[in-house]
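To start, the structure under review is shown below, and the notes come after it.
Please treat every number below as a calculation from the coordinates, not as lab data. Remember, it's a predicted structure, so these values are computed and weren't measured experimentally. Methodologically, a virtual Cβ is constructed for each residue, glycine included, from the backbone with ideal geometry; neighbour enumeration extends over all protein chains shown.
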């Protein structure tokens, strides 16, 4: 199963998105939230992100969703620190955090490939909210 990692500067945001996505995808879907710093402040931590990716990894790839620019940089640093074979299976989605995570989690729970999970997350960029 494809793992999902949510990276936010805020632990409350990361946990809230995880709760929402978990409700939609089911409890068997690996979704790991990593928000804030180790001391509970606003920020991101590449070491904690690396650990979250390793925890989410079920052998079929991991899709990561991040909230802001420095979170993206932290994800990149985390990938540089991990085993290169694992890093090759980790994909950062260019997607909105909430909509992308929910879509990715549901797609992953359906047993889809990491490429399809990533595509579903990224398609959330075009989601219309009003007609």
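A few notes on this one:
- Residues of the range 10-31 satisfying the condition of being within 15 Å of residue 71 (Cα to Cα) and either within 13 Å of the chain's Cα centre (by Cα) or buried (at least 20 other Cβ atoms within 10 Å of the Cβ) (or both): 13, 14
- Residue tally, condition more than 23 Å from residue 22 (Cβ to Cβ), in a helix (DSSP H, G or I) and out of contact with any strand residue (DSSP E or B) (no Cβ under 6 Å at 6 or more places or on another chain), over the range 38-72: 4
- Flag if residue 95 is buried (at least 20 other Cβ atoms within 10 Å of the Cβ), touching a residue at least 24 places away in the same chain (Cβ under 8 Å), within 15 Å of the chain's Cα centre (by Cα) and not in a helix (DSSP H, G or I): yes
- Index of the failed condition, residue 120 passing every other in (1) closer than 16 Å to residue 4 by Cβ; (2) crowded, with 20+ Cβ neighbours inside 10 Å; (3) in contact (Cβ under 8 Å) with a residue 24 or more places away in the chain: (3)
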